[in-house]
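Participant: Before we start, here is the structure in question, set down as structure tokens.
The values are calculated or read from the model by the stated rules, or taken from the named source; none is laboratory data. No experiment lies behind these values; they were computed from the predicted model shown. All Cβ positions, glycine included, derive from the backbone under ideal geometry; neighbour counts span all protein chains shown.
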Amino acid sequence: MFGRRGLTPEGENDAPPRGIAEPRSVSAGFGEATLSPPLPLPAANDRGPGQAARPAAETGASAKIREAATQVQGRILERIDSEVASRLDRESLGRELAEPVTEILGELKIQLNQREQRDLVNLILDDMLGLGPLEPLLADDTITDIMVNGPGRIYVEQRGKLVLTDAAFRDDAHVLAVAGRIVSQVGRRVDESTPLVDARLADGSRVNIIIPPLALDGASISIRKFSKKGIDLDMMARQANVSPEMATVLKIASRARLNVLISGGTGSGKTTLLNAMSQMIAADERVVTIEDAAELQLQQPHVVRLETRPANLEGRGEITMRDLVKNALRMRPDRIILGEIRGPEALDMLQAMNTGHDGSLGTIHANRPREALTRLENMVAMSGVNLPARSVRTQIAAAVQLIVQISRMRDGLRRITSITEVVGMEGDIITTQELFAYRFEGEAADGRLKGRFESAGLRPHFTSRAEYFGLDRMLLDAIG
């Protein structure tokens with residue numbers, strides 16, 4: 001029995017069904033970079049410069065429906081059979097909730113029109129089956145990041161800007177309930193003993209959750225939405241993320257099996273560029289990917305995806321990136337792709353690149369190509385292996401052949417600012433040559449930055465390798 005009506009798990013009943021809006025598909029494109037909001041932060045209902053305000057009618061309706069949901073939801077839970085409800089899909093459950101919601105609204109003397117009642121049912125469904133007020137934000141393909149700063153402040157990155165939304169949780173307990181629902185899907189927990197958790201949603205979106213006592217102002221949830229909209233190097237060239245000539249060189253680098261390091265800051269588009277370059281990997285190659293949180297979207301048929309595992313509550317069972325890199329070497333890979341190099345696994349990755357696994361790719365946090373090499377050297381030192389600095393640099397120079405620097409700029413557009421080739425060693429110094437660079441020239445009236453992608457006109461050191469793959473003529477034409 002479900003509420004006041006007989007009901008089977010399939011959702012059959014004697015009342016005429018009411019339509020429930022289908023949830024929209026979740027997708028997010030390459031997007032634009034986040035710009036910092038003006039300080040101090042605006043109040044919950046205020047909008048700062050550059051923040052897209054919603055129409056007043058929409059804001060009012062949203063607040064009205066949220067208030068109604070607060071009053072209705074507790075009564076709904078008293079009238080339904082939770083066990084039966086858990087076996088229904090969203091559409092069937094929505095049809096079954098429509099009538100009791102109408103009855104409760106009448107009892108509470110809350111007047112809503114048909115559309116508002118439908119929105120109210122959807123809001124209740126989001127809370128029962130999904131992630132509450134985050135569901136509409138996840139369904140909006142113009143949003144690339146969602147940031148929850150306590151129950152009353154939910155920001156999103158939308159078209160390159162930080163926007164304060166009208167969405168809100170009821171209270172701190174509501175935020176914690178949604179956080180618990182997220183982590184339970186991947187077999188983890190978030191509580192005072194484990195107040196910091198990395199997880200992912202069913203669609204692959206990456207989630208970071210931190211709760212009190214570490215988060216002083218209430219639980220914080222950060223979601224980097226998973227992009228279902230594929231992007232390749234040609235599309236990046238059309239979007240002015242890179243010049244056509246640079247895109248050609250990157251295609252050749254991937255096809256000619258160069259070991260490539262993609263360098264950039266947080267949110268600069270490193271993973272997106274890695275996905276784009278990986279599309280040039282041949283279908284007959286065996287690829288092993290290693291990530292902390294699975295984000296790569298390789299299209300090849302022969303891909304083995306590996307993901308790290310944190311320690312359990314007893315502090316046992318942790319599987320690190322280094323463990324997975326060592327294991328990957330026993331899996332007969334043609335290429336190894338690291339989602340991000342951030343620790344002692346750098347040494348094992350360099351050894352893999354130097355022992356026949358050419359064409360490997362990885363990302364690293366750094367602001368410049370030279371800084372990426374320094375960080376790589378420092379991470380090798382984190383492995384605990386006591387190697388002379390010259391020996392480490394020799395390994396790096398032999399393993400890494402190309403560094404691609406990508407940056408998010410203040411106009412909200414990501415651009416590849418440098419393609420730098422690692423040439424070799426001179427004494428104790430790793431030598432490089434920059435093949436392409438982005439030159440800033442000013443700012444247009446619409447706020448977009450003006451600049452040009454410039455070729456250095458240098459013959460790449462890997463030309464002979466490109467010739468082996470029959471790509472030398474194309475390479476020299478692109479260099480100009």
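Participant: Any residue at all in the stretch 177-186 that is closer than 21 Å to residue 314 by Cβ, touching a residue at least 24 places away in the same chain (Cβ under 8 Å) and of a type outside the set (A, V, I, L, M)?
Facilitator: So far as the stretch 177-186 goes, no, none of its residues is closer than 21 Å to residue 314 by Cβ, touching a residue at least 24 places away in the same chain (Cβ under 8 Å) and of a type outside the set (A, V, I, L, M).
Participant: Go over the candidates 198, 217, 203 one by one and state the one that is more than 15 Å from the chain's Cα centre (by Cα) and in the same structural domain as residue 143 (by TED's automatic domain parsing).
Facilitator: Numbers: 198 fails: more than 15 Å from the chain's Cα centre (by Cα); 203 fails: more than 15 Å from the chain's Cα centre (by Cα).
Only one candidate passes the filter, namely 217.
Participant: Select from the stretch 435-448 the residues that are small (Gly, Ala, Ser) and in contact with a strand residue (DSSP E or B) (Cβ under 9 Å, 6 or more places away or on another chain) and write down the one among them that is surrounded by the fewest Cβ atoms within 10 Å (Cβ to Cβ).
Facilitator: Residue satisfying both the conditions and the ranking: 442.
Participant: When the residues of the stretch 131-150 are filtered to those that are more than 20 Å from residue 184 (Cβ to Cβ) and of a type outside the set (A, V, I, L, M, F, W, C), which remaining residue is modelled with the highest pLDDT?
Facilitator: 149
Participant: Something else: Looking at 319, 281, which is the one that is touching a residue at least 24 places away in the same chain (Cβ under 8 Å) and either buried (at least 17 other Cβ atoms within 10 Å of the Cβ) or within 20 Å of residue 200 (Cα to Cα) (or both)?
Facilitator: Of the residues listed, the single one that is touching a residue at least 24 places away in the same chain (Cβ under 8 Å) and either buried (at least 17 other Cβ atoms within 10 Å of the Cβ) or within 20 Å of residue 200 (Cα to Cα) (or both) is 281.
Participant: Here is a further query. Right, residue 205: more than 26 Å from residue 414 (Cα to Cα) and of a type in the set (S, T, N, Q) or not?
Facilitator: no
Participant: With the structure loaded, tell me whether residue 204 is modelled with pLDDT under 85 and surrounded by fewer than 19 Cβ atoms within 10 Å (Cβ to Cβ) or whether it fails that test.
Facilitator: Taking the combined requirement at face value, the residue satisfies it.
Participant: Hey, can you tell me all the residues within the stretch 285-319 that are farther than 20 Å from residue 333 by Cβ and among the acidic types (Asp, Glu)?
Facilitator: 314, 318
Participant: Tell me the residue from 404, 392, 423, 400 that is aliphatic (A, V, I, L, M) and touching a His at 6+ places or on another chain (Cβ under 8 Å), please.
Facilitator: Within the list 404, 392, 423, 400, the selection yields 423.
Participant: Could you go through the stretch 302-317 and let me know if any residue there is closer than 25 Å to residue 384 by Cα and hydrophobic (A, V, I, L, M, F, W, C).
Facilitator: Yes, because at least one residue in the stretch 302-317 is closer than 25 Å to residue 384 by Cα and hydrophobic (A, V, I, L, M, F, W, C).
Participant: Would you mind telling me which numbered condition in (1) over 20 Å from the mean Cα position of the chain (by Cα); (2) touching a residue at least 12 places away in the same chain (Cβ under 8 Å) residue 237 fails?
Facilitator: Failed condition: (2).
Participant: Which fully enclosed strands (runs of 3 or more DSSP E) of the stretch 65-179 have 3 or more residues being of a type in the set (A, V, I, L, M) and surrounded by 21 or more Cβ atoms within 10 Å (Cβ to Cβ)?
Facilitator: The strands (runs of 3 or more DSSP E) meeting that bar are 143-149.
Participant: Identify all residues within the stretch 171-214 that are more than 20 Å from residue 126 (Cα to Cα) and not hydrophobic (A, V, I, L, M, F, W, C); write none if there are none. Don't jump to the end; show me each part of the working.
Facilitator: Residues of the stretch 171-214 more than 20 Å from residue 126 (Cα to Cα): 187-198, 208, 210-214.
Within the stretch 171-214, 187, 188, 189, 191, 192, 193, 194, 195, 198, 208, 212, 213 qualify.
Participant: Looking only at the stretch 418-432, decide whether some residue is free of Cβ contacts under 8 Å to residues at least 40 places away in the same chain, of a type in the set (A, V, I, L, M, F, W, C), part of a helix (DSSP H, G or I) and assigned by TED's automatic domain parsing to the domain that holds residue 253.
Facilitator: No, the conditions are met nowhere in the stretch 418-432.
Participant: A follow-up question, please. Looking at the stretch 376-397, I want the residues that are at negative phi and have a partner that is part of a loop (DSSP other than H, G, I, E, B) and charged (D, E, K, R) with Cβ atoms under 9 Å, at least 6 apart or on another chain. Which pairs are those?
Facilitator: If the second residue must be part of a loop (DSSP other than H, G, I, E, B) and charged (D, E, K, R), the pairs left are 379/342; 389/428; 390/428; 393/428.
Quick grid of which residues meet (1) over 30 Å from residue 162 (Cβ atoms); (2) surrounded by 13 or more Cβ atoms within 10 Å (Cβ to Cβ):
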site: 414; (1), (2): no, yes
site: 430; (1), (2): yes, yes
site: 433; (1), (2): yes, yes
site: 450; (1), (2): no, no
site: 459; (1), (2): yes, no
site: 462; (1), (2): yes, yes
site: 467; (1), (2): yes, yes
site: 480; (1), (2): yes, no
